[in-house]
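A.B. asks: I'd like to ask some things about the structure below.
Laboratory data are not the source of any read-out in this text; all were calculated from the coordinates shown. Treat the numbers as computed from the prediction; the structure is a model and nothing was measured. Every residue, glycine as well, gets a Cβ built from its backbone with ideal geometry; the counts of neighbours run over all protein chains shown.
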Amino acid sequence: MNGIGVDIGGTNTKLIVMSSGKKVLREDRFDTAPERGPEDFIRRLAAAVKKLKDEWAPVSIGVGAAGDVDPDLGVIRFSPNLDRWRGLAVKRPLEKRAGLPCVLENDANMAAWGAYEMELGRKYRNVVAVTLGTGIGGGIIIDGKLYHGANGSAGELGHNKLSRSGPRCHCGGKGCMEASCGSYAIMREARAAIKDRKAFVARYADPGRPRLNTVCLTRAADRGDRTALRIWREMGESLGRGLADMLLMLNPDCVVLTGGVSKASRHFLGPLKKVFAAQQMKTSFLCVDLVVARNADLGVCGAALLGLENAKRGGKAG
Ligand SMILES: [Zn+2]
């Protein structure tokens, strides 16, 4: 059995065909071009899906999208990355045009499902996946099922408040975990702390990409740069405090870290674990496994696999 997975990003929309044996059979992408409007986007998405359908005979579609998503209605309530689209129905129009059952989730939930199936092989029942990128997303799996909460908004771990007067967050608030641990926050700190930025970039950045970014900051830490090591240590401590709250609340078997920033885990996991070790209520911290995901495409793979799971459970196009 094959399923189609879709990841709607602000720049590109990625599609894959995946077998139920978790093999990627085909990859495709097109420009999301949100400025062309939501109706035009749905038309182009349906055309791309149909093209794959003719060739691979899939039984399902799973779609992940950045932003605030209602999985029950299959609607993107709001997406700041997609030209601030509001109330965009995805599930119904896609089912109608492609004739396949469709599930829609927030992209962090899809990454959580991808991690649950591909990284962890369903070995754990209760999993929290934390997506560490520009911002911080979260997906919660309880007893083998994605947890949505009342209206699909569960898992917004990035906006957990670490302090009332901390740095400004993209959400407009202050002191969110994301405002200390998202890549924009890490780089804000790096720009303030690195005195000779030009020399730093010349020394540590990729030769073909002379920019101060998290890759450059990771390499600096690899080579023992004290400022870089300090920034990653403080990031790990903040992440540890934010995740400690979540562990006390949910007591998961496993926490998976995904996303580009997780590639620096060798510099921030130690400080994070120290925060866990210092907790007073120890039970949740003693049993949890911390895993850094290896697969970079968990979002779109998770979308395909959740679509297949939905079809297996009897989901129908309608
Ligand atoms: Zn926030």
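A.B. asks: Once the Cα gyration tensor of segment 166-242 is diagonalised, what are the square roots of 5 times its eigenvalues, in whole Å and ordered largest first, as equivalent ellipsoid semi-axes?
C.D. replies: Working from the Cα gyration tensor, I get semi-axes of 23, 13, 10 Å.
A.B. asks: Could you work out how far apart the two model spin labels at ARG36 and LYS161 are, taking each label as a point 7 Å from the Cα in the direction of the beta carbon, and quote it in nm?
C.D. replies: Each label point lies 7 Å from its Cα, and together they span 4.3 nm.
A.B. asks: If you plug each phi of segment 117-132 into the Karplus form 6.51 cos²θ - 1.76 cosθ + 1.60 with θ = phi - 60°, what whole-Hz ³J(HN,Hα) values come out, in order, with x for Gly and Pro?
C.D. replies: Result, ordered by residue: 7, 8, 7, 9, x, 6, 5, 10, 8, 10, 10, 10, 9, 10, 9, 9 Hz.
A.B. asks: If each residue of separation counts as 0.36 nm, what is the full-extension length gain between LYS312 and ARG209 once their alpha-carbon separation is subtracted?
C.D. replies: Once the chain is fully extended between LYS312 and ARG209, it gains 32.6 nm.
A.B. asks: What is the antiparallel percent of DSSP beta bridges lying wholly in segment 115-292, to the nearest 5?
C.D. replies: Expressed as a percentage, antiparallel bridges in segment 115-292 total about 55.
A.B. asks: A follow-up question, please. Which residues in segment 242-273 place their backbone N less than 11 Å from a point set 7 Å from the Cα of ILE142 along the Cα-to-Cβ direction?
C.D. replies: 250-251
A.B. asks: Still on this model: Calculated from DSSP H runs of 4 or more alone, at -39500 (n - 2.57) each and per residue, what is the 222 nm mean residue ellipticity of the chain, nearest 500?
C.D. replies: Taking each H run of at least 4 residues, the total per residue is -12000 deg cm²/dmol.
A.B. asks: Based on the Cα atoms of segment 38-134, what semi-axes does the equivalent ellipsoid have, where each is the square root of 5 times one gyration tensor eigenvalue, given in whole Å with the largest first?
C.D. replies: 24, 19, 11
A.B. asks: Given H placed 1.01 Å from N in the peptide plane, which residues other than close sequence neighbours of PHE78 have an amide H under 5 Å from its amide H?
C.D. replies: So PHE78 has HN proximity to ASP68, GLY87.
A.B. asks: Find, to one decimal place in angstroms, the Kirkwood hydrodynamic radius of segment 115-292, where the mean of 1/r is taken over every pair of different Cα atoms and then inverted.
C.D. replies: Taking the inverse mean of 1/r over all distinct Cα pairs, segment 115-292 comes out at 16.9 Å.
A.B. asks: Given a Förster radius of 25 Å and the C-beta distance between ALA47 and ALA296 as r, what FRET efficiency does 1/(1 + (r/R0)^6) yield to the nearest 0.05?
C.D. replies: Step by step, r from the Cβ atoms, then E = 0.40.
A.B. asks: Please label the shape of segment 210-318 as rounded, prolate or oblate, based on the square roots a ≥ b ≥ c of the eigenvalues of the alpha-carbon gyration tensor (a/c under 1.5 means rounded; beyond that, a/b larger than b/c means prolate, else oblate).
C.D. replies: Judged from the Cα gyration tensor, segment 210-318 comes out oblate (a/c at least 1.5, b/c at or above a/b).
A.B. asks: Fewest first, what order do THR218, THR131, THR13 take by the number of other Cβ atoms within 10 Å?
C.D. replies: Ascending Cβ contact count within 10 Å gives the list THR218, THR13, THR131.
A.B. asks: Can you give me the distance in nm between label points at ARG168 and ASN151, each placed 7 Å from the Cα along the Cα-to-Cβ direction?
C.D. replies: 2.8
A.B. asks: Rounded, prolate or oblate: which fits segment 245-309, taking a ≥ b ≥ c as square roots of the Cα gyration tensor eigenvalues, rounded meaning a/c under 1.5, else prolate when a/b beats b/c?
C.D. replies: Note, shape of segment 245-309 comes out oblate.
A.B. asks: Would you calculate the volume per residue, in Å³, of the smallest convex hull containing every Cα atom of segment 83-207?
C.D. replies: Working: hull volume 24.9 nm³, N = 125.
Convex hull of Cα atoms, per residue: 199 Å³.
A.B. asks: Same structure, new question: Please turn the phi angles of segment 165-172 into ³J(HN,Hα) values with the Karplus equation 6.51 cos²θ - 1.76 cosθ + 1.60 (θ = phi - 60°), one per residue in order, whole Hz, x for glycine and proline.
C.D. replies: Result, rounded to whole Hz: 10, x, x, 5, 9, 4, 6, x.
A.B. asks: Taking Rh as the Kirkwood radius, which is the inverse of the mean 1/r over Cα pairs, what is the Rg/Rh value for the chain?
C.D. replies: Expressed as Rg/Rh, it is 0.99.
A.B. asks: Might you report the magnitude of the Cβ-based charge dipole of segment 115-292 about its Cα centre, with Lys and Arg at +1 and Asp and Glu at -1, to the nearest 20 debye?
C.D. replies: My answer is approximately 740 debye.
A.B. asks: State the volume of the convex hull built on the alpha-carbon positions of segment 82-124, expressed per residue in Å³ and rounded to an integer.
C.D. replies: Numbers: hull volume 4.5 nm³, N = 43.
Normalising the Cα hull of segment 82-124 by residue number yields 104 Å³.
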